[in-house]
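Comments concern the structure below.
Coordinate-derived values only; no laboratory data. All values reported here derive from a predicted model rather than from experimental measurement. As a convention, Cβ positions derive from the backbone with ideal geometry for all residues, glycine included, and neighbour counts pool all protein chains shown.
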Amino acid sequence: MNVASKSLLFSIFFVVLIGCTTATTYPSPDPADKPVSQQDKLDQYDTLDELMLYYGQLQKKNAAQLVAEYNSTKKHFNRKNSDAKSRLKYILLISLPKTSFTNIQAALDLLNNWPQDITMSTNVADFRKLLISLLREQQIARADAKNFSQKLKASDEQIQALEEHIQTLQNRIDAIKNMEKHPIRRITP
């Protein structure tokens, strides 16, 4: 092969290689895909970031502070029910474990019965779906734990009854052994 054919072969190889690496992207035919402005993207992330920061702050509060936060958030939620952010803040608050106001079922109801007039960004909608699945799993885990606890209590009661029965039988065995050691002598008249 001469130099000209090698350079031609190299050029063809190079063009094919570049053509393979630059894939053409076609817009998706889904009409629901709307172009999202840069500001909308920032708003989506700001809302989600704000909710995550809020949840982090809740984790740092003591019981008294959480009750005060609950009362404040509940008032704000009841007054401004049409705001997705206040609704989600209230849901995050009532889904906190081990508080006096924990109500997983109410949180799930609020998430599942989302009013149609409350709009939310794609990220917040995905976050809502994540919360629904996590709270359902938590509810299932709590129900399983309750069932296991009841079964454990029932088996503990059975063990207690068996131990009492064993003790009764042991007392009878001891009484029989005692009778064998000290037979009753009959007095003949």
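Given a Förster radius of 41 Å and the C-beta distance between LEU53 and ASP156 as r, what FRET efficiency does 1/(1 + (r/R0)^6) yield to the nearest 0.05? The calculated FRET efficiency here is 0.35. Fully extending the segment from ASP144 to GLU163, taken as 0.36 nm per residue of separation minus the present Cα-Cα distance, adds 4.0 nm. Considering only Cα-Cα distances, which of the following residue pairs are longer than 29 Å: LYS89/LYS151; LYS98/LYS151; LYS98/LYS129; LYS151/LYS177? Where the Cα-Cα span goes over 29 Å, the pairs concerned are LYS89/LYS151; LYS151/LYS177. Using only side-chain charges placed at the Cβ, +1 for Lys and Arg and -1 for Asp and Glu, the dipole size of the stretch 40-144 relative to its Cα centre rounds to 420 debye. Of the trypsin sites (Lys or Arg not before Pro) found in the stretch 111-189, those in coil by DSSP whose Cβ has at most 10 other Cβ atoms within 10 Å are ARG185, ARG186. Computed as a quarter of the hull surface, the mean projected area of the alpha carbon convex hull for the stretch 40-144 stands at 6.6 nm².
For the stretch 100-115, the Karplus equation 6.51 cos²θ - 1.76 cosθ + 1.60, evaluated at θ = phi - 60°, returns couplings of 6, 10, 4, 8, 5, 5, 5, 4, 5, 4, 5, 6, 6, 9, 6, x Hz by residue, with Gly and Pro reported as x.
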